[in-house]
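S.K.: What follows is a structure written as structure tokens; I'll ask about it next.
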Amino acid sequence: MFLSVFDMFKVGIGPSSSHTMGPMVAAARFLDTMRASPFHFRGLRASLHGSLAFTGVGHATDRATILGLAGFAPDTYDAEKAEAAFARIRDTKQIEVEGLPPLDFDPQKDLHFDFGPALPGHANGMILKATDAQGDVILQETYYSIGGGFVLTAGELAEAGGAKAKARADVPFPFETAAEMLQMANASGLSIAQMKRQNELRFRSAAELDRGMDRIWEVMTDCIDRGMKGTGILPGGLKVRRRAKGIHDALMAERGLNMTAPHTINDWMSLYAMAVNEENAAGGQVVTAPTNGAAGVVPAVIRYYLDHVPGASTAKVGDFLLTAAAIGGLCKHNASISGAECGCQAEVGSAAAMAAAGLAAVLGGTPEQVENAAEIALEHHLGMTCDPVKGLVQVPCIERNGLGAIKAVSAASLSLRGDGQHLVSLDVCIETMRQTGRDMHEKYKETSLGGLAVNVPNC
């Protein structure tokens, strides 16, 4: 099994990796299929199913799908150009994109929210269609947005569920479980980050790898900085105030005072995470870590490490990201990182496990202690539901990232107080998350049909 650090950490836009980035990527893939087709197209249609329908408006899924069909991509997204293109499509009821003729598309008629049963492959399903001059469908594809910006066609998803899922990747350390990861670390004498680096170097040069990770951290920390300066009300109708700037100003005012309580450090960790997720909720540039809904946890813990831990070094950020990616890959491969599939345990829980592992690694932890840190963090998110109020990634998501960062740091610290030996393994914890997600009622899996979403007034 191999999932790159650049699979787990992708530069994109808010508010959701599965509901915003995924549909945009799916639309881009459909355009490529159309360009390779011999047919003559005149129009487009789209339908959103399952969680993409139930929380699609709050996550801007409809807008993301339309902009994806107009040629926009998450990693190169230009907000000003996107706004102009969206207005033009709304007015002209036509999409013009490179390599294809003008295509008829009326957002009010040709984009359908299907609130019936979800498509069979995954809770986040969408169907894209291309029509001829008579309006008949001549090309159709079903896509699933499976979390973290990952997109599979129905055929690819079926293949991934078969024998291919267990195929060994052509890398030096193809671990599929935490147990295999620890066995390989012990046999090689390498850290988890070192093994992960060797795997990455199978596909890219050391310089490319380091530049890519520098870019990831640059976007992460810039997002924190923007979030700590942002003011006003978040979009969507809940009238949630941005709080990160106020918290940052208060913490800066208290610096150097003898009366500051030790637990104030928790406020710094929460601040960094909340700053990211407020930016995400506002549709800003973020990094999936492993998803947008959980995007604040990993950068918050890295920033905590750099700003507050004596002896911290930016030279270790790469090791942090590589270790975190290894853990995130195990969560995705053996369970899920999708809130629509397994609830928030799969998003913030996985993120906390990744962050705890990364912090334990850069603080000098052994592979066993790193695995223990990840397990502690994930274990204490098990069963967490995904119940966003009004389908927006705001309540409870923003604060939840702050608490996820605090748990991650506590898990890393606790693991470093031990020798890595513990009763519940990370593999057992990941499998428990999978089973819990399978058994969890659909209304608690990013549908906004239960929990806080129905008990908090949407007015």
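S.K.: Which one is surrounded by the fewest Cβ atoms within 10 Å (Cβ to Cβ), of the residues in the stretch 367-406 that are of a type in the set (S, T, N, Q) and closer than 25 Å to A325 by Cβ?
M.R.: Q369
S.K.: A further question on this structure: Quick check on this structure: which one of A300, A357 is within 30 Å of R255 (Cα to Cα), under 17 Å from the mean Cα position of the chain (by Cα), among the aliphatic types (A, V, I, L, M) and in a helix (DSSP H, G or I)?
M.R.: A300
S.K.: Every residue in the stretch 120-140 that is buried (at least 22 other Cβ atoms within 10 Å of the Cβ) and of a type in the set (A, V, I, L, M, F, W, C), please.
M.R.: Listed by number, the residues that qualify are A123, M126, L128, A130.
S.K.: Something else: Whether any residue in the stretch 51-73 is in a helix (DSSP H, G or I), under 28 Å from G116 (Cα atoms), in contact with an Asp or Glu (Cβ under 6 Å, 6 or more places away or on another chain) and modelled with pLDDT of 95 or more is what I want to check.
M.R.: yes
S.K.: Look through the stretch 4-45, keep the residues that are more than 19 Å from the chain's Cα centre (by Cα) and basic (K, R), and return whichever of them is farthest from A351 (Cα to Cα).
M.R.: Among them, the one singled out is R42.
S.K.: Across the stretch 141-186, which residue is modelled with the lowest pLDDT among those that are assigned to a strand (DSSP E or B) and among the small types (G, A, S)?
M.R.: G147
S.K.: Would you mind stating whether V409 is buried (at least 24 other Cβ atoms within 10 Å of the Cβ), in contact with a Pro (Cβ under 6 Å, 6 or more places away or on another chain), of a type in the set (A, V, I, L, M) and within 24 Å of Y304 (Cα to Cα)?
M.R.: no
S.K.: Quick check: anything in the stretch 31-46 touching a helix residue (DSSP H, G or I) at 6+ places or on another chain (Cβ under 9 Å), over 19 Å from A82 (Cα atoms) and in a loop (DSSP other than H, G, I, E, B)?
M.R.: Yes, the stretch 31-46 contains a residue that is touching a helix residue (DSSP H, G or I) at 6+ places or on another chain (Cβ under 9 Å), over 19 Å from A82 (Cα atoms) and in a loop (DSSP other than H, G, I, E, B).
S.K.: Give me the pairs, please: first residue somewhere in the stretch 267-294 and without any contact (Cβ under 8 Å) to a residue 24 or more places away in the chain, second residue anywhere and among the β-branched types (V, I, T), beta-carbon distance under 8 Å, and either six or more positions apart or on two chains.
M.R.: D267/I247
S.K.: Okay, moving on. Return the residues of the stretch 371-407 that are among the β-branched types (V, I, T) and either assigned to a loop (DSSP other than H, G, I, E, B) or farther than 19 Å from A335 by Cβ (or both); say none if nothing qualifies.
M.R.: Within the stretch 371-407, T385, V389, V393, V395, I398, I406 qualify.
Here is a yes/no grid of residues against (1) within 15 Å of the chain's Cα centre (by Cα); (2) more than 23 Å from C397 (Cβ to Cβ); (3) surrounded by fewer than 24 Cβ atoms within 10 Å (Cβ to Cβ):
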{"residue": "R243", "(1), (2), (3)": "no, no, yes"}
{"residue": "A250", "(1), (2), (3)": "no, no, yes"}
{"residue": "A253", "(1), (2), (3)": "no, yes, yes"}
{"residue": "N266", "(1), (2), (3)": "no, no, yes"}
{"residue": "M269", "(1), (2), (3)": "no, no, no"}
{"residue": "A273", "(1), (2), (3)": "yes, no, no"}
{"residue": "L306", "(1), (2), (3)": "no, yes, yes"}
{"residue": "V309", "(1), (2), (3)": "no, yes, yes"}
{"residue": "K316", "(1), (2), (3)": "no, yes, yes"}
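S.K.: Right, another one. If you go through the stretch 12-30, how many residues are touching a helix residue (DSSP H, G or I) at 6+ places or on another chain (Cβ under 6 Å) and farther than 19 Å from I398 by Cα?
M.R.: The qualifying residues number 4.
S.K.: Hey, among E208, E156, which residue is free of Cβ contacts under 8 Å to residues at least 40 places away in the same chain, within 24 Å of the chain's Cα centre (by Cα), surrounded by fewer than 16 Cβ atoms within 10 Å (Cβ to Cβ) and closer than 30 Å to G50 by Cβ?
M.R.: So the residue among E208, E156 that is free of Cβ contacts under 8 Å to residues at least 40 places away in the same chain, within 24 Å of the chain's Cα centre (by Cα), surrounded by fewer than 16 Cβ atoms within 10 Å (Cβ to Cβ) and closer than 30 Å to G50 by Cβ is E156.
S.K.: Cβ-Cβ under 6 Å, sequence separation 6+ or interchain: first residue in the stretch 435-459 and touching a residue at least 12 places away in the same chain (Cβ under 8 Å), partner among the hydroxyl-bearing types (S, T, Y) and in a helix (DSSP H, G or I). Which pairs?
M.R.: E446/S51; T447/S51; G450/Y444; G451/Y444
S.K.: With respect to the numbered conditions (1) surrounded by fewer than 19 Cβ atoms within 10 Å (Cβ to Cβ); (2) of a type in the set (A, V, I, L, M); (3) outside the structural domain of G135 (by TED's automatic domain parsing), which one is the sole condition not fulfilled by A36?
M.R.: Among (1) surrounded by fewer than 19 Cβ atoms within 10 Å (Cβ to Cβ); (2) of a type in the set (A, V, I, L, M); (3) outside the structural domain of G135 (by TED's automatic domain parsing), A36 violates only (3).
S.K.: For the stretch 415-452, enumerate the residues that are in a helix (DSSP H, G or I), of a type in the set (A, V, I, L, M, F, W, C) and farther than 25 Å from N277 by Cβ.
M.R.: Scanning the stretch 415-452 gives L416, L426, V428.
S.K.: Of the residues that make up the stretch 395-414, is at least one farther than 24 Å from S270 by Cα, in the same structural domain as G365 (by TED's automatic domain parsing) and not charged (D, E, K, R)?
M.R.: Taking every residue of the stretch 395-414 in turn, none turns out to be farther than 24 Å from S270 by Cα, in the same structural domain as G365 (by TED's automatic domain parsing) and not charged (D, E, K, R).
The values are calculated or read from the model by the stated rules, or taken from the named source; none is laboratory data. Nothing here was measured: the structure is a model prediction, and the numbers come from that model. Reconstructed Cβ throughout: ideal geometry from the backbone, glycine too, with neighbour counts over all protein chains shown.
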